[in-house]
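To keep things clear, I will list the structure first and then write my remarks on it.
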Amino acid sequence: MKEKQVIEENKMGTAPINRLMLSMGLPMVLSMMMQALYNIVDSAFVSNMPGIGESALNALTLAFPVQMLMVAIGVGTGVGTNALLARSLGQRDQEKASRVAGNSIFLGCIISVVFIIFGILGVKAYVYSQTTNTLIAELAVEYLQICCIVSFGIVFFSIYEKLLQATGRTSLSTIAQISGAVTNVILDPIMIFGLFGTPALGIAGAAYATVIGQIVSFLLALFFHLKFNKEIKNAVKYMRPSKKVIQQIYAIGLPAIIAQALMSIMTYGLNVIFVRIDESVVTAYGLYYKIQQFILFAAFGLRDAITPIVSFNYGRGNRKRVKEGIRYGLLYTLVIMFVGMLFLEIFANPLSAVFGLSGQTRELCISAMRIVSLSFLFAGANIALQGVFQALEGGVESLIISICRQFLFVLPVAWGFSKAAMKSLDNIWLVWMTFLIAEGISLAISYVFMRGIEKRNLRFLESENDKNREKSDRKSHKKLIDKDQKRVVN
């Protein structure tokens, strides 16, 4: 039993990288796609509510940036925990690994309280800053308040998911994620439309189904952590906040938080820009973005495999395995994004029909799918390299790329192109081109950053290995000399 545990603990340092990337990455990809499924499923059922389907879909679009922000802070904290914990285990420091895990749980409590306060006090002001349509605003407030006040499920699942991933137990985190998603899918039609004699709760039913699914995922992830993560000690003393540990978690995780928070800011900003063109553009883009996330989140899942694998071997000082982790991570991410691009290009029409869109809104959604999906290969490379940057102490570089691809080269460009679309919706393709431009320029910057990190960090590993080899050679040489001297004396 002990021998088996040792093998499991060290597989990130011994298993072939290509197989390791697949065995860890595929469950993470599936897990992240299930996370994206929450919002897609809600949208599919809500859009078919009698009489108010399109307004309800628009309401979910307005609520979506805050939901992404919740995920961003939870996942970002988890990413920092993941990389730091994996590195600590790679350095065989169990005590520090336990403190990292305990402090992440403490941080989860703080994050949950903040979103509860926002749910009670801030949701109305946030929603009304994006629309003057009373029906849409009321629906958005009703949905978002429930998601914020009962946010502890998604926050703590994000943390325990990363604790499982950091020890290589990605299949368990995936089981927890899928269980929650299935719960959501089952409860959505029951609670929205009032099936089996239950009350029809409408858009509130979609919110309740979502948070219940998130709680199921959290409870399962907690159970798996306590039962299987034997490398980590679980005690109240490890939850005592440590300034040093929290700083180290966010030194790695803050770029990931900002990266995903920028998605919220970008979506909020685009909602404000698009409503100046037409409300149908907001609805079309909001739906496209949720469909797109199903593919982008797959890339995020593989990134979450790249980070601990590269980080673990970086902690061990193994330059060869670090390089292999980068190479296979990029390759597999690009394959995922290429398949995703083909999928949207081929199935744009039937996908838009699933959500009950018609007329102008449907045409806008189809055009978004076919044009924006062309940026997927650039986006995939950027996402994978951000995972590498986080693993190799390149948090600043990762942050800069996030700002470039989700803010600096998006909102100003979209605002400029929106002027042409305001004159005629036939020019909307210019707005969709914004994303191709932003991802392409950001990838060029990512390449420059990767070269710099290689010179700064990976060459250091090489020189350290050379020193170790030289030291070993000197010891061997000294042994030979001593042996020869003994022969002469004899």
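Of the residues examined, PHE312 is not one that is in a helix (DSSP H, G or I) and closer than 30 Å to ILE428 by Cβ.
When segment 80-117 is filtered for residues that are modelled with pLDDT of 85 or more and of a type in the set (Ser, Thr, Tyr), the ones remaining, listed by number, are THR81, SER98, SER104, SER112. Taking (1) of a type in the set (Val, Ile, Thr); (2) crowded, with 22+ Cβ neighbours inside 10 Å; (3) under 16 Å from VAL29 (Cα atoms) in turn, THR361 satisfies each apart from (3). Select from segment 135-193 the residues that are within 18 Å of the chain's Cα centre (by Cα) and over 28 Å from THR14 (Cβ atoms) and list them in ascending order. Scanning segment 135-193 gives SER151, PHE152, GLY153, ILE154, VAL155, PHE156, PHE157, SER158, ILE178, GLY180, ALA181.
A single member of ILE265, ILE295, ILE257, ILE273 is under 18 Å from the mean Cα position of the chain (by Cα), closer than 27 Å to ASN133 by Cβ, not in a loop (DSSP other than H, G, I, E, B) and not aromatic (Phe, Trp, Tyr), and it is ILE265. Of the candidates ALA207, ALA251, ALA221, the single residue that is assigned to a helix (DSSP H, G or I), touching a Cys at 6+ places or on another chain (Cβ under 6 Å) and touching a residue at least 60 places away in the same chain (Cβ under 8 Å) is ALA207. Of all residues in segment 298-313, those that are within 12 Å of LYS162 (Cβ to Cβ) and of a type in the set (A, V, I, L, M, F, W, C) total 1. No other residue among ILE110, ILE116 is closer than 19 Å to TYR208 by Cα and in a helix (DSSP H, G or I) apart from ILE116. When PHE118, PHE106, PHE152 are checked against the criterion of being closer than 27 Å to SER47 by Cβ and in contact (Cβ under 8 Å) with a residue 12 or more places away in the chain, PHE118 stands alone in meeting it.
Within segment 404-460, the set of residues being in a loop (DSSP other than H, G, I, E, B) and of a type in the set (Ser, Thr, Tyr) comprises just one member, SER424. The set of residues from segment 342-361 being free of Cβ contacts under 8 Å to residues at least 40 places away in the same chain and in a helix (DSSP H, G or I) comprises LEU342, GLU345, ILE346, PHE347, ALA348, ASN349, PRO350, ALA353, GLY359.
Every residue, every condition in (1) in a loop (DSSP other than H, G, I, E, B); (2) crowded, with 24+ Cβ neighbours inside 10 Å, yes or no:
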site	(1), (2)
MET24	no, yes
SER31	no, yes
MET49	yes, no
ALA63	no, yes
GLN67	no, no
VAL75	no, yes
THR81	no, yes
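The values are calculated or read from the model by the stated rules, or taken from the named source; none is laboratory data. Worth saying up front: this structure is predicted, and the values here are computed from it rather than measured. Positions of Cβ are generated from backbone atoms using ideal geometry, with glycine treated the same way; all protein chains shown enter the neighbour counts.
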